[in-house]
Amino acid sequence: MEAFYNGGVLVKKEFAVIGLGRFGGSICQTLSDQGMEVLAIDMDEDKVNQYANIASHAVVGDTTDEMVLKSLGIRNFDHVIVAIGDNIQASILTTIILKELGVKKITVKAQNDYHEKVLSKIGADKIVHPERDMGKRIANNIISNSVLDYLELSDEHSIIEVIANSRMAGYSLIELDIRAKYGINIVAIKREKEIIVSPQASELIQEGDILIIIGADSDIDRFQTKLYSR
(Lines give C-alpha, C1' and ligand atoms only; values in the text may rest on other atoms or scores of the structure.)
Protein backbone atom coordinates (compact mmCIF):
# COMPACT_ATOMS: atom_id res chain seq x y z
CA MET A 1 0.00 0.00 0.00
CA GLU A 2 1.23 3.49 -0.75
CA ALA A 3 1.65 5.51 2.41
CA PHE A 4 1.71 9.26 2.26
CA TYR A 5 0.58 11.93 4.63
CA ASN A 6 -1.90 14.67 3.93
CA GLY A 7 -2.27 17.12 6.81
CA GLY A 8 -1.01 14.44 9.17
CA VAL A 9 -3.65 11.91 8.06
CA LEU A 10 -2.33 8.62 6.73
CA VAL A 11 -3.65 7.81 3.26
CA LYS A 12 -2.89 4.54 1.47
CA LYS A 13 -2.89 3.58 -2.20
CA GLU A 14 -1.90 0.52 -4.20
CA PHE A 15 0.92 0.36 -6.78
CA ALA A 16 1.62 -1.89 -9.78
CA VAL A 17 4.89 -1.79 -11.71
CA ILE A 18 4.83 -3.23 -15.24
CA GLY A 19 8.28 -4.02 -16.64
CA LEU A 20 11.16 -5.01 -14.38
CA GLY A 21 14.16 -3.73 -16.30
CA ARG A 22 16.66 -1.34 -14.73
CA PHE A 23 14.14 1.51 -14.50
CA GLY A 24 11.08 -0.45 -13.36
CA GLY A 25 13.23 -2.55 -11.05
CA SER A 26 14.60 0.62 -9.44
CA ILE A 27 11.09 1.90 -8.78
CA CYS A 28 9.97 -1.48 -7.44
CA GLN A 29 13.01 -1.74 -5.16
CA THR A 30 12.63 1.80 -3.80
CA LEU A 31 8.91 1.46 -3.15
CA SER A 32 9.52 -1.85 -1.40
CA ASP A 33 12.39 -0.38 0.65
CA GLN A 34 9.93 2.28 1.83
CA GLY A 35 7.59 -0.43 3.07
CA MET A 36 5.06 -0.11 0.25
CA GLU A 37 2.98 -2.96 -1.11
CA VAL A 38 3.75 -3.41 -4.81
CA LEU A 39 2.56 -5.75 -7.56
CA ALA A 40 5.46 -6.39 -9.99
CA ILE A 41 4.65 -7.67 -13.51
CA ASP A 42 6.91 -8.78 -16.38
CA MET A 43 6.82 -11.26 -19.24
CA ASP A 44 10.30 -12.53 -18.31
CA GLU A 45 10.05 -15.24 -15.66
CA ASP A 46 13.68 -14.73 -14.58
CA LYS A 47 13.01 -11.05 -13.83
CA VAL A 48 9.84 -11.89 -11.96
CA ASN A 49 11.73 -14.42 -9.87
CA GLN A 50 14.38 -11.78 -9.16
CA TYR A 51 11.75 -9.51 -7.61
CA ALA A 52 9.63 -12.22 -5.99
CA ASN A 53 11.22 -11.53 -2.60
CA ILE A 54 11.31 -7.75 -3.09
CA ALA A 55 7.80 -6.86 -4.25
CA SER A 56 4.70 -7.84 -2.30
CA HIS A 57 3.55 -9.88 -5.31
CA ALA A 58 5.38 -10.69 -8.55
CA VAL A 59 3.70 -12.29 -11.55
CA VAL A 60 4.54 -13.31 -15.12
CA GLY A 61 2.09 -11.73 -17.52
CA ASP A 62 1.56 -10.16 -20.96
CA THR A 63 0.03 -6.78 -20.20
CA THR A 64 -0.98 -6.23 -23.84
CA ASP A 65 -3.65 -8.87 -23.12
CA GLU A 66 -6.67 -7.16 -21.57
CA MET A 67 -7.81 -10.39 -19.91
CA VAL A 68 -4.47 -10.70 -18.08
CA LEU A 69 -4.81 -7.20 -16.64
CA LYS A 70 -8.43 -7.82 -15.70
CA SER A 71 -7.49 -11.06 -13.93
CA LEU A 72 -4.93 -9.13 -11.87
CA GLY A 73 -7.59 -6.64 -10.81
CA ILE A 74 -5.48 -3.83 -12.26
CA ARG A 75 -8.35 -1.33 -12.28
CA ASN A 76 -8.35 -1.44 -8.48
CA PHE A 77 -4.81 -0.06 -8.31
CA ASP A 78 -4.52 3.65 -7.66
CA HIS A 79 -1.24 4.08 -9.52
CA VAL A 80 0.25 1.91 -12.26
CA ILE A 81 3.79 2.53 -13.53
CA VAL A 82 4.43 1.25 -17.08
CA ALA A 83 8.20 0.73 -17.27
CA ILE A 84 8.30 -1.60 -20.29
CA GLY A 85 11.73 -1.70 -21.96
CA ASP A 86 12.38 -1.30 -25.68
CA ASN A 87 9.00 -2.57 -26.91
CA ILE A 88 7.26 0.73 -27.66
CA GLN A 89 4.22 -1.03 -29.12
CA ALA A 90 3.71 -3.05 -25.92
CA SER A 91 4.07 0.11 -23.86
CA ILE A 92 1.44 1.94 -25.91
CA LEU A 93 -1.01 -0.98 -26.00
CA THR A 94 -0.64 -1.53 -22.26
CA THR A 95 -1.30 2.15 -21.58
CA ILE A 96 -4.39 2.14 -23.80
CA ILE A 97 -5.80 -0.89 -21.99
CA LEU A 98 -5.09 0.62 -18.58
CA LYS A 99 -6.95 3.79 -19.62
CA GLU A 100 -9.89 1.77 -20.95
CA LEU A 101 -10.06 -0.21 -17.71
CA GLY A 102 -10.27 3.03 -15.74
CA VAL A 103 -6.97 2.99 -13.82
CA LYS A 104 -6.86 6.20 -11.76
CA LYS A 105 -3.25 7.23 -12.43
CA ILE A 106 -0.78 5.97 -15.02
CA THR A 107 2.92 6.87 -15.18
CA VAL A 108 4.71 5.65 -18.32
CA LYS A 109 8.36 5.42 -19.30
CA ALA A 110 8.99 6.97 -22.73
CA GLN A 111 11.76 5.78 -25.04
CA ASN A 112 11.95 8.94 -27.14
CA ASP A 113 10.11 12.15 -27.98
CA TYR A 114 7.82 10.44 -30.51
CA HIS A 115 6.85 7.82 -27.95
CA GLU A 116 6.12 10.63 -25.48
CA LYS A 117 3.81 12.37 -27.96
CA VAL A 118 1.82 9.18 -28.51
CA LEU A 119 1.58 8.51 -24.78
CA SER A 120 0.37 12.05 -24.23
CA LYS A 121 -2.32 11.67 -26.88
CA ILE A 122 -3.65 8.41 -25.41
CA GLY A 123 -3.94 9.89 -21.94
CA ALA A 124 -0.93 8.89 -19.83
CA ASP A 125 -1.07 10.98 -16.65
CA LYS A 126 2.71 11.34 -16.28
CA ILE A 127 5.44 10.56 -18.79
CA VAL A 128 9.04 10.08 -17.70
CA HIS A 129 12.35 9.58 -19.50
CA PRO A 130 14.82 7.24 -17.76
CA GLU A 131 17.74 9.37 -18.88
CA ARG A 132 16.15 12.41 -17.25
CA ASP A 133 14.34 10.94 -14.27
CA MET A 134 15.95 8.25 -12.19
CA GLY A 135 13.71 5.49 -10.91
CA LYS A 136 14.49 6.39 -7.31
CA ARG A 137 13.42 9.98 -7.83
CA ILE A 138 10.14 8.95 -9.45
CA ALA A 139 9.40 6.45 -6.68
CA ASN A 140 10.00 9.00 -3.93
CA ASN A 141 7.78 11.53 -5.72
CA ILE A 142 4.85 9.14 -5.94
CA ILE A 143 5.13 7.84 -2.39
CA SER A 144 4.22 11.13 -0.77
CA ASN A 145 1.84 13.97 -1.51
CA SER A 146 4.08 16.18 0.62
CA VAL A 147 7.13 15.63 -1.62
CA LEU A 148 6.96 17.86 -4.71
CA ASP A 149 10.39 17.12 -6.10
CA TYR A 150 13.34 14.89 -5.32
CA LEU A 151 16.91 15.18 -6.61
CA GLU A 152 19.50 12.54 -5.76
CA LEU A 153 22.90 14.15 -5.10
CA SER A 154 24.67 10.89 -4.31
CA ASP A 155 23.83 7.40 -3.07
CA GLU A 156 23.16 8.80 0.40
CA HIS A 157 22.29 12.51 0.00
CA SER A 158 19.38 14.29 -1.68
CA ILE A 159 17.53 17.57 -2.09
CA ILE A 160 13.75 17.49 -1.69
CA GLU A 161 10.90 19.97 -1.89
CA VAL A 162 8.16 19.40 0.69
CA ILE A 163 4.97 21.25 1.57
CA ALA A 164 4.94 22.63 5.10
CA ASN A 165 1.97 21.24 7.01
CA SER A 166 -0.02 22.50 10.00
CA ARG A 167 2.48 20.95 12.43
CA MET A 168 5.14 23.41 11.33
CA ALA A 169 2.95 26.45 10.71
CA GLY A 170 3.49 29.37 13.08
CA TYR A 171 6.88 28.18 14.29
CA SER A 172 10.20 29.78 13.44
CA LEU A 173 13.11 27.76 12.08
CA ILE A 174 14.93 28.14 15.39
CA GLU A 175 11.87 26.88 17.28
CA LEU A 176 11.56 23.86 15.02
CA ASP A 177 15.30 23.26 15.42
CA ILE A 178 15.26 21.03 12.35
CA ARG A 179 19.01 21.10 11.77
CA ALA A 180 19.85 19.94 15.31
CA LYS A 181 17.04 17.38 15.52
CA TYR A 182 17.35 15.81 12.08
CA GLY A 183 20.71 16.92 10.65
CA ILE A 184 19.10 18.48 7.57
CA ASN A 185 19.11 22.07 6.30
CA ILE A 186 16.31 24.21 4.90
CA VAL A 187 18.18 26.13 2.21
CA ALA A 188 15.21 28.03 0.78
CA ILE A 189 11.49 28.62 1.22
CA LYS A 190 9.05 29.18 -1.65
CA ARG A 191 6.04 31.23 -0.55
CA GLU A 192 3.63 31.94 -3.41
CA LYS A 193 5.77 33.99 -5.85
CA GLU A 194 8.48 34.76 -3.28
CA ILE A 195 11.64 32.69 -2.78
CA ILE A 196 13.50 33.14 0.50
CA VAL A 197 17.07 31.92 0.06
CA SER A 198 19.06 31.02 3.20
CA PRO A 199 16.15 31.96 5.51
CA GLN A 200 16.90 33.52 8.88
CA ALA A 201 16.46 31.45 12.04
CA SER A 202 13.60 33.79 13.02
CA GLU A 203 11.65 33.10 9.81
CA LEU A 204 8.13 31.83 10.60
CA ILE A 205 6.90 28.84 8.59
CA GLN A 206 3.46 29.20 7.02
CA GLU A 207 1.25 26.25 6.13
CA GLY A 208 1.64 25.60 2.40
CA ASP A 209 5.19 26.94 2.23
CA ILE A 210 7.46 24.86 -0.01
CA LEU A 211 10.60 23.96 1.90
CA ILE A 212 13.74 23.09 -0.06
CA ILE A 213 15.71 20.68 2.11
CA ILE A 214 19.16 19.13 1.72
CA GLY A 215 20.58 16.28 3.76
CA ALA A 216 21.33 12.59 4.11
CA ASP A 217 18.53 10.30 2.95
CA SER A 218 18.29 8.68 6.39
CA ASP A 219 17.91 12.09 8.06
CA ILE A 220 15.32 13.22 5.52
CA ASP A 221 13.36 10.00 6.15
CA ARG A 222 13.41 10.66 9.92
CA PHE A 223 12.19 14.22 9.34
CA GLN A 224 9.31 13.04 7.14
CA THR A 225 8.34 10.24 9.50
CA LYS A 226 8.24 12.58 12.48
CA LEU A 227 6.48 15.56 10.94
CA TYR A 228 4.24 13.87 8.34
CA SER A 229 3.00 10.84 10.29
CA ARG A 230 0.45 10.69 13.03
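The values are calculated or read from the model by the stated rules, or taken from the named source; none is laboratory data. What you see is a predicted model; the values in this text were computed from it and never measured. With ideal geometry, Cβ positions are generated from the backbone for all residues, glycine too; neighbour counts draw on all protein chains shown. Remember, those area values only see protein heavy atoms, side chains included, never the ligands or the DNA or RNA. Shrake-Rupley method; radii C 1.70, N 1.55, O 1.52, S 1.80 Å.
Being touching a helix residue (DSSP H, G or I) at 6+ places or on another chain (Cβ under 7 Å) and either modelled with pLDDT of 90 or more or of a type outside the set (Gly, Ala, Ser) (or both) is the requirement here; does Arg179 meet it?
Considered against the rule, which asks whether it is touching a helix residue (DSSP H, G or I) at 6+ places or on another chain (Cβ under 7 Å) and either modelled with pLDDT of 90 or more or of a type outside the set (Gly, Ala, Ser) (or both), Arg179 comes out as no.
Among (1) touching a residue at least 24 places away in the same chain (Cβ under 8 Å); (2) closer than 25 Å to Leu148 by Cα, which single condition is Thr64 missing?
So Thr64 meets the others, but not (2).
Identify, by number, the condition in (1) modelled with pLDDT under 90; (2) of a type in the set (Gly, Ala, Ser); (3) more than 16 Å from His157 (Cβ to Cβ) that Ser202 doesn't meet.
Going through (1) modelled with pLDDT under 90; (2) of a type in the set (Gly, Ala, Ser); (3) more than 16 Å from His157 (Cβ to Cβ) one by one, Ser202 breaks only (1).
Filter region 58-85 down to the residues that are farther than 13 Å from Met43 by Cα and acidic (Asp, Glu), then identify the one that is nearest to the chain's Cα centre (by Cα).
So the residue we want is Asp78.
Name every residue in region 162-182 that is open to solvent by 40 Å² or more (accessible area, probe 1.4 Å), under 21 Å from Asp217 (Cα atoms) and not β-branched (Val, Ile, Thr), in order of residue number.
Asp177, Arg179, Ala180, Lys181, listed by residue number.
Tell me, which helices (runs of 4 or more DSSP H) lie completely within region 170-230 with 2 or more residues that are among the aromatic types (Phe, Trp, Tyr)?
217-228
In region 186-208, which residues are under 29 Å from Val128 (Cα atoms) and surrounded by 14 or more Cβ atoms within 10 Å (Cβ to Cβ)?
Once the filter is applied, which keeps residues that are under 29 Å from Val128 (Cα atoms) and surrounded by 14 or more Cβ atoms within 10 Å (Cβ to Cβ), region 186-208 yields Ile186, Val187, Ala188, Ile189, Lys190, Arg191.
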